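**Student:** Dumping the structure here so I can ask a few things about it.
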Amino acid sequence: MRFTDMQVIAPQLIEPFGLPADRWVGAVGTVCPEDSVERQRVVLLEFFRSILS
């Protein structure tokens, strides 16, 4: 799991900068950006709940 926003940002750079998908897929993978962010939120919330409880 990567804790970064690049899975959301990189696909948005395709059109304005003409970046082909194969240039960023290696860095962020093929995960659905929305699913990735939601999973990160869940994992971080579980972590902090366990540490701060």
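**Student:** Simple spin-label model, 7 Å along Cα-to-Cβ: LEU45 to VAL8 in nm?
**Tutor:** 1.5
**Student:** Continuing with the same structure: Compute log10 of I(q)/I(0) for the chain with the Debye formula, placing one identical point scatterer on every Cα and leaving out solvent, at q = 0.12, 0.16 Å⁻¹, to two decimals.
**Tutor:** With no solvent term, the Cα-only Debye profile gives -0.34, -0.53.
**Student:** With θ set to phi - 60°, apply the Karplus curve 6.51 cos²θ - 1.76 cosθ + 1.60 along region 28-36 and write out the HN-Hα couplings as whole Hz, x wherever there is a Gly or Pro.
**Tutor:** Result, ordered by residue: 10, x, 10, 5, 5, x, 5, 5, 5 Hz.
Where a number appears in this text, it was derived from the coordinates with a stated rule and is not lab data. Owing to the predicted nature of the structure, the values given are computational and were not obtained by experimental measurement. Note that each Cβ is placed from the backbone with ideal geometry, even for glycine, and that neighbours are counted across all protein chains shown.
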